[in-house]
1. Tell me, please, whether a residue that is hydroxyl-bearing (Ser, Thr, Tyr), assigned to a helix (DSSP H, G or I) and crowded, with 20+ Cβ neighbours inside 10 Å can be found in segment 58-75.
2. Of (1) outside any helix (DSSP H, G or I); (2) surrounded by fewer than 14 Cβ atoms within 10 Å (Cβ to Cβ), Glu90 satisfies all except one. Which?
3. Among the residues that make up segment 464-472, is at least one of them under 20 Å from Ala339 (Cα atoms) and surrounded by 15 or more Cβ atoms within 10 Å (Cβ to Cβ)?
4. Hey, Thr14 hits all of (1) under 32 Å from the mean Cα position of the chain (by Cα); (2) surrounded by fewer than 22 Cβ atoms within 10 Å (Cβ to Cβ) but one; which does it fall short on?
5. Mind checking which residues of segment 126-149 are in a helix (DSSP H, G or I) and either closer than 20 Å to Ser28 by Cβ or touching a Ser or Thr at 6+ places or on another chain (Cβ under 6 Å) (or both)?
6. Could you look through segment 413-463, keep only residues that are assigned to a helix (DSSP H, G or I) and among the hydroxyl-bearing types (Ser, Thr, Tyr), and pick out the one that is surrounded by the fewest Cβ atoms within 10 Å (Cβ to Cβ)?
7. Could you tell me whether segment 189-211 includes any residue that is touching a Phe, Trp or Tyr at 6+ places or on another chain (Cβ under 9 Å), assigned to a helix (DSSP H, G or I) and surrounded by 20 or more Cβ atoms within 10 Å (Cβ to Cβ)?
8. Determine the pairs where a residue that is under 22 Å from Ser260 (Cα atoms), located within segment 490-504, has a partner that is hydroxyl-bearing (Ser, Thr, Tyr) with Cβ atoms under 8 Å apart, the partner being 6 or more residues away or on another chain.
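The values are calculated or read from the model by the stated rules, or taken from the named source; none is laboratory data. Please read all numbers here as calculations on a predicted model, not as lab measurements. All Cβ positions, glycine included, derive from the backbone under ideal geometry; neighbour counts span all protein chains shown.
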Amino acid sequence: MPKTKKFIIDFDSTFTRVEALDILGEISLSGDPQQKEKLQAIKDITDKGMDGSLTFRESLEQRLDILQANKSQITELIFILKQKVSKSFERNKDWLKDNAADVFIISNGFKDFIIPIVTEYGIKQENVFANDLIYDESGKIIDFNRENPLSKNNGKSETIRDINLEGDIYVIGDGYTDYEIKASGLANKFYAFTENVSRPKVTSQADHIAPSFDEILYINKLNTKFSYPKSRIKVLLLENVHPIALELLKEEGYQVEVASGAMSEEELCEKIRTISILGIRSKTTVTKKVLENANRLLAIGAFCIGTNQIDLEECQKRGVAVFNAPFSNTRSVVEMAIAQIIFLMRRFQDKSLGMHQGVWDKSATGSFEIRGKKLGIIGYGNIGAQLSVLAENLGMNVFYYDVIEKLALGNATKMNSLDELLATCDVITLHVDGRKDNSCLIDQEKISKMKPGALLLNLSRGHVVDIPALRAAILSGHIGGCAVDVFPEEPKNNKEGFESELKGLPNTILTPHIGGSTLEAQENIARFVPGKIMEYVNTGNTYNSVNFPNIQLPFLKDAHRLIHLHQNEPGVLAKINLVLANYQINIVGQYLKTNEKIGYVITDIDKVYDPDAIEALKNIPGTIRFRTLY
């Protein structure tokens with residue numbers, strides 16, 4: 001009969017994300033004029049005790065002396081600590097409850113606040129070993145029980161000897177006192193827990209560095225709730241993605257690496273080999289060659305609207321889901337377009353430049369209101385439609401053209417052809433996607449059909465406008481001015497120089513691809529895209545994916561979820577169900593969605609099944625990718 005595995009877990013900075021006495025200091029020293037200095041002293045003493053450079057008893061005495069806390073403040077501390085339990089222990093609450101007999105808390109902290117926290121996770125009170133506080137009659141903390149072995153050096157080792165545990169003993173902690181258990185020969189393994197803090201003196205002595213509790217359960221084959229430890233999922237975020245995205249993905253338990261700029265194809269080919277999730281903006285190109293090196297890639301998040309910088313077809317072939325943020329920066333782009341229309345109509349750009357050069361040109365020549373002018377919107381999607389509403393509210397007459405039938409908002413007028421729109425409007429603004437068909441959509445021929453003196457805005461994609469033709473039209477006066485935010489070739493980062501034939505032209509506003517670059521938009525995107533990726537990884541949900549069939553799935557409950565992505569060919573669903581029938585597996589729920597190239601089947605099944613069934617499903621002809629979630 002195999003030996004039982006006993007898990008000994010530290011409390012401070014392991015079971016919780018914080019050191020409890022540090023938090024107690026924030027409570028007890030509130031209002032103290034020297035609070036900042038005293039709190040820093042407590043943290044310094046804690047660190048010295050944790051890395052072994054100060055004896056534990058000295059550390060405890062010094063901290064309690066500074067704290068000057070009382071019993072009522074312990075109650076407040078408990079309330080705060082309940083919100084600070086480490087995320088991976090929260091995720092595995094059911095496992096802790098199911099295995100309560102084999103889980104022990106051995107801590108140099110105090111039972112007074114530890115027991116109320118851990119017992120909510122099913123851990124037995126009798127399995128909690130920690131120090132005891134001593135109070136005076138008024139409730140003030142005056143000392144600790146000095147007979148308790150945990151108040152002394154090597155107290156954890158002595159405690160384990162006293163309780164005489166049988167079976168294999170695994171210690172999980174972040175401090176030197178946790179390592180001492182293994183060093184004393186009383187534990188089979190010491191896991192340095194680094195989810196909250198990593199101490200080099202501790203990790204250097206560990207049998208295994210565990211970035212989460214998920215990792216420990218996984219390597220011991222005890223993980224019955226999650227298919228794969230999230231700490232093993234590596235994320236790469238490029239191009240200064242907003243820090244909120246980093247926080248959300250780290251909070252989920254992923255390993256996250258960030259880089260400020262875009263990467264070249266060669267750099268990305270090398271870097272992506274171990275990456276499961278890639279986050280980019282507009283400057284990073286994900287080519288077929290990059291994807292050929294992406295053996296572990298599950299999903300790509302485009303932290304922007306456009307996805308033309310990603311080879312979507314190749315992603316589809318390789319089972320890589322792509323998500324973008326189609327709505328999150330709409331308002332920011334629309335506001336920029338309104339501002340640029342006004343600036344061009346009033347020739348503010350030239351006036352401002354003249355003022356900087358000492359020229360006072362107070363004149364109304366060539367300066368107009370936008371009220372009553374005709375605005376032509378090419379592309380009536382999310383941005384074009386919202387721009388339509390705002391422009392109309394400012395008194396403009398709105399016309400639009402789209403290759404797809406779109407319902408007009410307000411009093412906007414749909415035009416039957418692009419040429420008709422160009423010949424009609426005083427201002428033309430582009431809001432089309434980056435597909436190849438839109439390359440040079442506005443070329444010399446189309447520009448010649450615009451009204452003389454009309455204005456042109458491009459806040460869509462750089463390749464949509466023929467730049468030499470635009471330059472010639474501005475210099476000839478046929479176009480009265482332009483605002484361009486996107487370019488056929490753009491610098492990969494802020495250190496590279498910018499070159500364009502449009503530099504120095506009259507009534508020309510050039511901006512560095514910042515249409516969606518507002519704090520509000522970047523925060524919205526940073527919340528939206530990780531949310532969609534995490535839903536996909538956790539549940540298989542593909543809603544809002546730009547290259548997968550969209551399925552909105554119910555929450556997975558009391559079942560295992562089989563995710564089968566395959567080439568869209570006849571009979572695959574029948575083959576899946578035949579495999580399940582042959583292995584006598586009951587289907588709890590099943591969902592299928594296809595597009596012209598791939599099919600996406602989600603099957604929820606009973607938890608008990610023959611593992612050989614999984615291999616059979618993976619080997620169905622036409623299978624692109626298979627995943628199991630539980």
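1. yes
2. The number of the failed condition is (1).
3. no
4. Failed condition: (2).
5. Passing the criteria: only Pro149.
6. The qualifying residue surrounded by the fewest Cβ atoms within 10 Å (Cβ to Cβ) is Ser448.
7. Just the residues of segment 189-211 that are touching a Phe, Trp or Tyr at 6+ places or on another chain (Cβ under 9 Å), to begin with: 189-193, 195, 199, 201-202, 205-211.
So of that shortlist, the ones also assigned to a helix (DSSP H, G or I) come out as 201-202.
If we keep only those that are surrounded by 20 or more Cβ atoms within 10 Å (Cβ to Cβ) too, we end up with 202.
Looking through segment 189-211, at least one residue is touching a Phe, Trp or Tyr at 6+ places or on another chain (Cβ under 9 Å), assigned to a helix (DSSP H, G or I) and surrounded by 20 or more Cβ atoms within 10 Å (Cβ to Cβ).
8. Glu490/Ser282; Lys492/Ser264; Asn493/Ser260
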